[in-house]
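Inspection log for the structure reproduced underneath, given as structure tokens.
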Amino acid sequence: MLRHPLAPLLSLACALAAGCAGTPALPPGAQAPDAPHPGTIALHHAWNGSTQTLRAQDFPASFVFRCVDARGEPAERARAVWCVPVVEIESVSVDAAGRPVAPADAVQIESTTYGPGHRFLDHTRLMRDGRPPV
């Protein structure tokens with residue numbers, strides 16, 4: 001079973017808290033699961049240096065929040081004890097030779113998501129076989 005990348009922060013917070021008897025403090029950038037998203041996500045495209053502003057309300061909660069349950073496992077927002085809103089995404093799209101290209105022309109796209117304060121949340125890689133779709 002894969003643990004959420006922020007799960008170690010719960011353990012660290014508990015270890016630093018006196019006694020660890022109560023609920024550990026929220027990690028930086030975390031908020032109550034029912035708290036609203038700050039509103040926008042900055043999508044940085046490495047291939048052309050542009051930044052696109054996305055409205056969080058246009059995407060599902062599973063995309064705009066990274067939520068964790070009481071065991072430190074990824075959870076749906078409704079079952080979470082805390083969530084970190086995604087506020088920034090860095091996207092790097094390259095062709096077969098490793099040159100930066102538009103995502104539509106890419107054979108590989110890597111995305112790194114961040115919460116408030118540029119706090120790392122996760123990293124994903126999409127690989128396409130051969131040429132990009134037409």
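What the table below lists for this structure:
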| read-out | value |
| --- | --- |
| The stretch 86-124: number of residues that are charged (D, E, K, R) and closer than 23 Å to residue 65 by Cβ | 5 |
| Any hit, the stretch 23-33, residues being touching a Pro at 6+ places or on another chain (Cβ under 6 Å) and either at pLDDT 95 or above or surrounded by 15 or more Cβ atoms within 10 Å (Cβ to Cβ) (or both) | yes |
| Residue count for the stretch 54-71, restricted to those that are more than 14 Å from residue 87 (Cβ to Cβ) and surrounded by 14 or more Cβ atoms within 10 Å (Cβ to Cβ) | 4 |
| Selection status of residue 92, β-branched (Val, Ile, Thr) and under 24 Å from residue 128 (Cα atoms) | yes |
| Of all residues making up the stretch 49-66, the number that are closer than 19 Å to residue 32 by Cβ, in contact with a His (Cβ under 7 Å, 6 or more places away or on another chain) and hydroxyl-bearing (Ser, Thr, Tyr) | 0 |
| The stretch 98-125, residues that are of a type in the set (A, V, I, L, M), at pLDDT 95 or above and exposed (fewer than 14 other Cβ atoms within 10 Å of the Cβ) | 102 |
| All strands (runs of 3 or more DSSP E) inside the stretch 67-134 with 2 or more residues being touching a residue at least 24 places away in the same chain (Cβ under 8 Å) and under 15 Å from residue 26 (Cα atoms) | 82-85, 119-127 |
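Residues checked against (1) touching an Asp or Glu at 6+ places or on another chain (Cβ under 6 Å); (2) of a type in the set (Gly, Ala, Ser):
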{"site": "50", "(1), (2)": "no, yes"}
{"site": "63", "(1), (2)": "no, no"}
{"site": "69", "(1), (2)": "no, no"}
{"site": "84", "(1), (2)": "no, no"}
{"site": "90", "(1), (2)": "no, no"}
{"site": "113", "(1), (2)": "yes, no"}
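The values are calculated or read from the model by the stated rules, or taken from the named source; none is laboratory data. What you see is a predicted model; the values in this text were computed from it and never measured. For neighbour counting, all protein chains shown are included, and Cβ atoms are generated from backbone atoms with ideal geometry for every residue, glycine included.
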